[in-house]
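The values are calculated or read from the model by the stated rules, or taken from the named source; none is laboratory data. As the structure is a prediction and not an experimental result, all values here were calculated from the model. Cβ sites come from the backbone with ideal geometry, for glycine too, and all protein chains shown count toward neighbours.
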Amino acid sequence: MRVFQDRRGKAAIIVDEPDAICMPMETLTTDFGVCVRVTGRFGSIFLCSVYCQFDTDLAPYLRYLDAVLLLGSRTPVIFGLDANAVSPAWFSKLSGHNRGQANYARGELLSAWITEMRAGVLNEASRVFTFDNRRGQSYIDVTIVNQAATMWATYEWEVKEWDTSDHNMIHVVVTTDPNDTVEPIAPMPSWKLSNARWRLFEEEVVREIAELPEDIAESPLDNQVSALRSVVHIGHYTLQTPRGQETEAKAPGRSSARDRRSRGTCARVEDLLSAVQEAHPEIEEDNWRRFVGENRDDPWGHVYWICRGRKKSTEIGCLRTDSRLVATWRDCAGVLLRNFFPVAESNAHIAIPIEAPPDLEAFEVDACVARLKSRRSPGMDGITGATCKALLRAIPQHMTAMYSRCLETGYFPTEWKHHRVVPLLKGPDKDRTDPT
């Protein structure tokens, strides 16, 4: 049995599965919650436990949940929240006293966040309260799953009337399809990597790789790639998070001085914003007068070029194939399918001689990665060429060993084989109704 706690000791995750590989997310083990990646026969999931203090602002907790979703990406994430919030979304009832009104306001914020993130609530109507003690009863505990988790499994949610504490036990049964071992596809996070601090990224990658289990190199390649993707996302999060924010909880003695500086900075920023807002109308008027003066001789020139650019057609009425028009949606889908994924001309099996590949040398991996285009769009895993180059600089032995094992076993991870077809219109000089 393995126990993982947040920094305050208010939230915890217990994993009672000897064969599961558990990797705590250090950057997401904070005062707000704890997050652990668990990999086993069922695949990979993120478990996150959060205790929302009842007398504090909910916004920091929502930002923490954002960070977990960003890291989880298309991997299923299950949140267990003591939200201290009520909402009809999880079958709560509004109390009449002041505490109940405050909890309802928090519930509205959390409900809006759930809707915005396209997440799901597992709570079901229950005669047993999630919170029950001598002071009152309520439904303030929420079980949330991200969009990927909603496609990954089906769930049965039930409150057990076990008096282990002032909160009753919530029992969730997760049923997955044993034939579906590929994680569902959901939108990947995009990272703004211009002027990225790659040195910090490489240092974070080295730290996270050191935290992986010692037998990770012997685990299946799919698990290795999934773990490496999580490490990359943690490194990217470090790139885009101010260093002071990461270490804020490590120096409690300086918190008061930091708070005073922060309040002074916020006040200064508010003053500057007010000054900008007051001067904005005058600046806009000056810019408009300057623009009119500069374009007095040709007042419609800019309008013409703007309208000309926007009048370009981005739609087609129908498709055409074999000199005939395709009218229905079903026929259009069939035409696109035949053109994008044509059937092979021959299904005859061609025997390929089995030959053991030579050992992969480190300089070969370095040469291949060096040829990657740094600014090309990433694949379905969200990893760019620039990130691959930074990974090779940080963990060359790990990368070489992983690629060598791919060649040795003749197997490349399933995650590398995901693809997405994005149909684009042809140029204006070609017939856009002809998909060939």
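Name the residues in the range 31-51 that are assigned to a loop (DSSP other than H, G, I, E, B) and within 17 Å of A83 (Cβ to Cβ), would you?
Across the range 31-51, the qualifying residues are D31, F32.
Among (1) closer than 16 Å to S44 by Cβ; (2) modelled with pLDDT under 65; (3) surrounded by fewer than 11 Cβ atoms within 10 Å (Cβ to Cβ), there is one condition N179 misses while meeting the rest; what is its number?
Here N179 meets the rest and fails (1).
Go through the range 183-219 and count every residue that is under 17 Å from D381 (Cβ atoms) and either modelled with pLDDT under 85 or polar (S, T, N, Q) (or both).
Summing the residues that are under 17 Å from D381 (Cβ atoms) and either modelled with pLDDT under 85 or polar (S, T, N, Q) (or both) in the range 183-219 gives 10.
Just for the range 366-386: of the residues that are under 18 Å from I209 (Cβ atoms) and modelled with pLDDT under 90, which one is surrounded by the most Cβ atoms within 10 Å (Cβ to Cβ)?
Per the criteria, the residue is D381.
(1) of a type in the set (A, V, I, L, M, F, W, C); (2) modelled with pLDDT of 80 or more; (3) within 30 Å of T75 (Cα to Cα): which one isn't true of L239, the others all being true?
(2) is the only condition that L239 fails.
State which residue pairs qualify: first residue basic (K, R) and inside the range 53-76, second residue assigned to a helix (DSSP H, G or I) in any location, beta carbons under 8 Å apart, and separation of 6 or more residues or different chains.
Hits for this filter: R74/A148.
Test A119 against the criterion of being crowded, with 16+ Cβ neighbours inside 10 Å, at pLDDT 85 or above and either among the small types (G, A, S) or under 18 Å from V159 (Cβ atoms) (or both), and give yes or no.
yes
Can you name the residue in the range 387-432 that is in a loop (DSSP other than H, G, I, E, B) and surrounded by 12 or more Cβ atoms within 10 Å (Cβ to Cβ) and, of all such residues, is modelled with the highest pLDDT?
Within the range 387-432, the match that is modelled with the highest pLDDT is I395.
Looking only at the range 13-30, which residues are of a type in the set (A, V, I, L, M), outside any helix (DSSP H, G or I) and out of contact with any Ser or Thr (no Cβ under 6 Å at 6 or more places or on another chain)?
I14, V15, A20, M23, M25
Give the number of residues within the range 325-344 that are assigned to a helix (DSSP H, G or I) and either in contact (Cβ under 8 Å) with a residue 24 or more places away in the chain or closer than 13 Å to P435 by Cβ (or both).
So the answer is 10.
Across the range 372-386, what is the total count of residues that are touching a residue at least 24 places away in the same chain (Cβ under 8 Å) and either outside any helix (DSSP H, G or I) or in contact with a Cys (Cβ under 7 Å, 6 or more places away or on another chain) (or both)?
7
Could you tell me which numbered condition S73 fails, if it satisfies all but one of (1) crowded, with 19+ Cβ neighbours inside 10 Å; (2) in contact with a strand residue (DSSP E or B) (Cβ under 9 Å, 6 or more places away or on another chain)?
(2)
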